[in-house]
1. Could you check how much of the accessible area of the stretch 1-132 is carbon and sulfur, as a whole percent, using a 1.4 Å probe?
2. List every residue whose amide H lies under 5 Å from the amide H of Leu50, counting only residues 5 or more places away in sequence or on a different chain, with H placed 1.01 Å from N in the peptide plane.
3. What list of ³J(HN,Hα) couplings, whole Hz, do you get for the stretch 133-141 from phi and the Karplus terms 6.51, -1.76, 1.60, once you set θ to phi - 60° and write x for glycine and proline?
4. Check which residues have an amide H placed less than 5 Å from His59's amide H, if you skip close sequence neighbours.
5. Roughly speaking, what % of Cα-Cα pairs in the stretch 2-141 are separated by over 19 Å, rounded to a whole number?
6. Under 10 Å from the Cβ of Thr40, count the other residues' Cβ atoms, weight Lys and Arg +1, Asp and Glu -1, and hand me the total.
7. Applying the Karplus parametrisation 6.51 cos²θ - 1.76 cosθ + 1.60 with θ = phi - 60° to the phi angles of the stretch 94-105, what ³J(HN,Hα) value in whole Hz is obtained for each residue in order, glycine and proline being reported as x?
8. In Å², and per residue, what accessible area does the stretch 2-141 have when probed at 1.4 Å with the other protein chains present?
Amino acid sequence: MKVLLKREDYEKILNHAVSELPNEACGLIAGTEEERKGGTVRKVEKVYLLTNADHSNEHFALDPKEQLAAVKDMRTLRLKPLGNWHSHPESPSRSSDEDIRLAFDKNASYLILSLMERDRPVLRSFHVEDGVSAEEELEIVE
Ligand SMILES: [Zn+2]
């Protein structure tokens with residue numbers, strides 16, 4: 001699995017995550033999926049910034065109403081739901097035990113943005129299946 005994210009969308013996630021500090025920020029990603037020789041390639045075409053209903057710096061919950069609106073928008077735009085993203089204000093970019101426990105969709109890409117080092121944000125993508133989180137290739141494209 002390879003995930004392609006446009007630089008402007010990366011910046012959208014980053015800016016939102018920074019503006020939500022000290023709390024975790026979260027949202028959804030949608031786009032297209034294509035089988036290529038080297039494997040599946042996912043292109044993120046739209047990033048959704050949602051409210052963290054938990055308002056916490058240790059976990060997040062997508063606001064259900066906003067989530068519904070985002071999914072409707074994806075349908076209208078004929079984009080495939082690809083997964084979600086959230087920030088880790090104080091921890092590295094890897095799935096926490098809770099992230100793994102709450103990752104119900106093995107087809108989703110889970111993007112995690114670490115702001116632990118404020119001047120060096122780290123965004124990674126993960127696939128979670130059977131309680132195991134594995135990193136996916138993520139490329140920021142211009
Ligand atoms: Zn997390």
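The values are calculated or read from the model by the stated rules, or taken from the named source; none is laboratory data. Since we're looking at a predicted model, the values are computed, not measured. As a convention, Cβ positions derive from the backbone with ideal geometry for all residues, glycine included, and neighbour counts pool all protein chains shown. These area figures cover heavy atoms from the full protein model, side chains too; ligands, DNA and RNA do not enter into them. Shrake-Rupley method; radii C 1.70, N 1.55, O 1.52, S 1.80 Å.
1. It is 48 percent, rounded to a whole number.
2. Under 5 Å from the amide H of Leu50: Cys26, Gly27, Leu28.
3. Result, rounded to whole Hz: 9, 10, 6, 10, 6, 10, 10, 8, 10.
4. Glu24
5. 47
6. Net of charged neighbours comes to -1.
7. 3J(HN,Hα) across the stretch 94-105, in whole Hz: 8, 5, 7, 4, 5, 4, 5, 4, 9, 8, 8, 10.
8. Result: 56 Å² per residue.
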